[in-house]
Amino acid sequence: MDVSIRRIVVVGKTGAGKSSLANTIFREKLFKMDHSFSSGTSECKAETKSVNGRSLTLIDTPGFFDTDRSEEDLKPEIVRCITECAPGPHAFLIVLKVEKFTEHEQAVIKEINQCFSEEAFKYAAVLFTHGDQLPEGQKIKDFVHQNKFMNELMTKCGSRCHVIDNKYWNEKPKDEYRSNPFQVEELLNTIDKMVMENKGSCYTNETLQVVEEEIKQEEELIRQSSGNMSEEEIREQAKDRVATKLSVRLAGIGTGVLLGALCGDFIFGAVAGGVKGYHAAEGAVTAQEAVEKTVKAIKDGVLSFWDRLFRTDPRSQK
């Protein structure tokens, strides 16, 4: 079995159980869980551990798909997620709860469908939490087939779907299916198979590649004066430096573009737009300066897109 580290990004709305899921997979409480009224992960965090012979890095994220989160609130954590998973994740775990699909849940699923590109879905699996809500004897795929929106999401994810229950499924059950150890192993087998189908590659794009190159450059600078720092410490410090730079450079780019840089494309390519703005803001000292440079770069990029598409400048249209 390939023993290289699998980078897995855990995404979903607040309250879906992302942090609890990460702790269940690791069988250790490495990710903080807030049980207050406004519960949920407030910042991106990554941990690495060996599980069932596999080395995994789980990247726990805030509620990227919450319908009530502001852009300013999300931007720093999306930037942190990009630096944590660079040059790209081997898998996205889309976390949802076993529950009745209200309009709110359907809106979240619609948002996921819009933000992920077709390429990113090749690296995605759906993981349901609160499995104890699943009727006795029912499989999770039977539950999913009852909802049109979930069916569409499942199809895009290659029918990769699992279920756990962070609270009740830790003891030895009568039914093996309703067991976290069994479901975690099934999930890891699915990820192994997905990595094989993707020929061992991780999901990546131009933005993630640029960020990885920046991290490597920072690592080299740190090594020159690192003293006795370990490679792991050097990597972490380099990611911190690049995340700070990204926060300034991408200050003028919307959350949609940032999410696009992580997992999808938009009309003329949010990824391309992100890279354009990233480079345009090179050397900016303040966020405002980065905004001004980025706005100009994105505007020029849109005009260039229309020019290539119609072989004319939209400003000349009457």
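The values are calculated or read from the model by the stated rules, or taken from the named source; none is laboratory data. Remember, predicted model here, so these are calculated numbers, not experimental data. Positions of Cβ are backbone-derived with ideal geometry, glycine not excepted, and every protein chain shown enters the neighbour counts. Heavy atoms of the whole protein, side chains included, go into the accessibility calculation; ligands, DNA and RNA do not. Shrake-Rupley method; radii C 1.70, N 1.55, O 1.52, S 1.80 Å.
Using only the alpha-carbon atoms of region 45-129 as identical scatterers, what base-10 log of I(q)/I(0) does the Debye formula give at q = 0.24 Å⁻¹?
For region 45-129, the Cα-only Debye profile gives -1.47.
Output needed for region 79-201: three equivalent-ellipsoid semi-axes, defined as square roots of 5 times the C-alpha gyration tensor eigenvalues, in descending order, whole Å.
Value: 24, 19, 13 Å, ordered largest first.
For region 2-31 and region 115-132, what is the separation of their Cα centres, given in Å?
What the calculation gives is 13 Å, centre to centre.
Beyond 20 Å between alpha-carbons counts as too far, so tell me which of K75/K216; K29/K49; K139/K174; K13/K75 fall in that bin.
Cα-Cα > 20 Å for K75/K216; rest within.
When the accessible area of region 85-186 is computed with all protein chains present and a 1.4 Å probe, what percentage of it is carbon and sulfur?
Carbon plus sulfur share of accessible area: 48 percent.
Could you please put H145, H162 in sequence from largest to smallest accessible area, using a 1.4 Å probe?
I get H145, H162, largest accessible area first.
Beta carbons within 10 angstrom, averaged per residue: use that to sort the peptides 132-141, 237-246, highest first.
Result, highest mean Cβ count within 10 Å first: 237-246, 132-141.
On a 1.4 Å probe surface of the protein chains, which of K32, K148 comes out largest in accessible area, and what is the full order?
K32, K148
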